1. Identify all residues within the range 154-176 that are in a strand (DSSP E or B), open to solvent by 10 Å² or more (accessible area, probe 1.4 Å) and within 14 Å of residue 459 (Cβ to Cβ); write none if there are none.
2. Inspect the range 378-393 for any residue being more than 30 Å from residue 146 (Cβ to Cβ), surrounded by 12 or more Cβ atoms within 10 Å (Cβ to Cβ) and either β-branched (Val, Ile, Thr) or touching a strand residue (DSSP E or B) at 6+ places or on another chain (Cβ under 6 Å) (or both) and give the result as yes or no.
3. Considering (1) open to solvent by less than 30 Å² (accessible area, probe 1.4 Å); (2) assigned to a loop (DSSP other than H, G, I, E, B), say which one residue 179 fails and leave the rest.
4. Pick out, from the range 209-287, the helices (runs of 4 or more DSSP H) lying fully within it that include 3 or more residues that are among the aliphatic types (A, V, I, L, M) and under 20 Å from the mean Cα position of the chain (by Cα).
5. Of the residues that make up the range 415-424, is at least one among the β-branched types (Val, Ile, Thr), at pLDDT below 95 and assigned to a loop (DSSP other than H, G, I, E, B)?
6. Filter the range 75-102 down to the residues that are open to solvent by 50 Å² or more (accessible area, probe 1.4 Å) and among the small types (Gly, Ala, Ser), then identify the one that is nearest to residue 29 (Cα to Cα).
7. Contact list please: Cβ distance under 8 Å, first residue in the range 331-354 and over 12 Å from residue 142 (Cα atoms) and of a type in the set (S, T, N, Q), second residue modelled with pLDDT under 95 and outside any helix (DSSP H, G or I), pairs at least six apart or on different chains.
Amino acid sequence: MGDGTSETKSSNQMWGGRFAQGPDAIMEEINASIGFDKKLFAQDIRGSIAHATMLAHQGIISAEDKDKIVHGLSTILSEIESGQFEFSRQLEDIHMNVEARLATLIGPAAGRLHTARSRNDQVALDFRLWVKEELQKTEKMLTALIAAFLDRAEEHAETVMPGFTHLQTAQPVTFGHHCMAYVEMFGRDRSRVRHAIEHMDESPIGAAALAGTGFPIDRHMTAKALGFREPTRNSIDTVSDRDFALEFLAIASICATHLSRLAEEIVIWSTPQFGFVRLSDAFSTGSSIMPQKKNPDAAELVRAKTGRINGSLIALLTVMKGLPLAYSKDMQEDKEQVFDSAESLELAIAAMTGMVRDMTIRADRMKAAAGSGYSTATDLADWLVREAGLPFRDAHHVTGRAVALAEQKGCELAELSLEELQAIHADITDKVFDVLTVEASVASRTSFGGTAPSEVKKQIAWWRGRN
């Protein structure tokens, strides 16, 4: 007895702390997924109802057992939704928790539900259903964000602002044109979402553990019942595939990057030094000690979410990279990354949609900045090519001399006199002043996809015509 007590004490010290019960406690802690996969309860029950219905249709279980199973599962769904269901860590995951409760409710008939399936294809189904529904939600949220930008673009199709490269003033553009750049970005994100839904629109249920089943199941029936285009075509790939989760995270990472770029611009634009926009109180906070401050916290947090989402993508890629076919327990680590990223992305898109709709555009500050930094220099060079017949490289040189003179005098290009410009090149006429204003500059950029208000309005109309 003394030896046994000593051994137990030594064992407890070795395992330590929260694992005082030894290896069993550690195994339970590392193996249980119910803490996070309970999020899949609706998908799990939906899949089981479809599976039971198919089994009865194929004569694999009786209609009476099917009815008991469906009624029991519906009862469990109501219990979970109302918060009455008690989840157990000892039962590991959502599948076993539901199955154990079903056995309590309906007795032996519950044991027939798992005929012709495995937890491998069951979890693949649940997770795929969840990701598909999340992608559909993301598509709607992106559509709302695009609509917000289209409204602002239409409102400001003629509002001039500086266009930047290297965050240096480059050429005048319109704020409407700048908004449409984000419409293009988020339009690509929405397109990727739609393609991902198409890629994953196959039903895994019926692949069983990895080899299929000898029971005469109808996988096309369950696929149709669950809203999938068709069943998957290889049982090994079916239970080992997490491409749909990786694709979701890749899409989320790209979309979050676009949101972060926008957030960065909002942070910059809302500074007193720029003053291009003013955020509403709903998306700003004050300082605890500096009463004059209005911090763009919502934009900053959207910017920060990108690192979190990118990390989830790298984490799951790393989990999957060395797994042999077919299923491995490593794949239990797929869900928390996706769940967390989905929540972060939803929040970021919603916050950004609100900011875009609510922020005040300070057109006067934009216009004042649009003419700074000799932003119409390219217009002068283009005029010299069109009107004076200079090769562009020569026109570029002449324009550089004009900019240098303006810098020396501390004035804008349009404030140079005709005589000063003609001293640089004799063929310059007073018509050059027609292109040196920011309004004339943006109006002249009528190439397809350009910043001219007329072209911006065409692009807005084209996007409004899309679904």
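The values are calculated or read from the model by the stated rules, or taken from the named source; none is laboratory data. Keep in mind it's a predicted model, so treat the numbers as computed, not measured. Don't worry about glycine lacking a Cβ; one is built from the backbone with ideal geometry, like all the others, and counts go over all protein chains shown. Areas reflect the complete protein model, heavy atoms only, side chains present, ligands, DNA and RNA absent. Shrake-Rupley method; radii C 1.70, N 1.55, O 1.52, S 1.80 Å.
1. 173 - this is the single residue of the range 154-176 that is in a strand (DSSP E or B), open to solvent by 10 Å² or more (accessible area, probe 1.4 Å) and within 14 Å of residue 459 (Cβ to Cβ).
2. Yes, some residue in the range 378-393 is more than 30 Å from residue 146 (Cβ to Cβ), surrounded by 12 or more Cβ atoms within 10 Å (Cβ to Cβ) and either β-branched (Val, Ile, Thr) or touching a strand residue (DSSP E or B) at 6+ places or on another chain (Cβ under 6 Å) (or both).
3. Only one criterion is unmet by residue 179, namely (2).
4. 243-269
5. No: the range 415-424 contains no residue that is among the β-branched types (Val, Ile, Thr), at pLDDT below 95 and assigned to a loop (DSSP other than H, G, I, E, B).
6. Taking the candidates together, the pick is 83.
7. 332/33
Table: residues versus (1) open to solvent by less than 40 Å² (accessible area, probe 1.4 Å); (2) part of a helix (DSSP H, G or I); (3) within 30 Å of residue 152 (Cβ to Cβ); (4) of a type in the set (D, E, K, R).
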| site | (1), (2), (3), (4) |
| --- | --- |
| 395 | yes, yes, no, no |
| 402 | yes, yes, no, no |
| 408 | no, yes, no, no |
| 411 | yes, no, no, no |
| 461 | no, yes, yes, no |
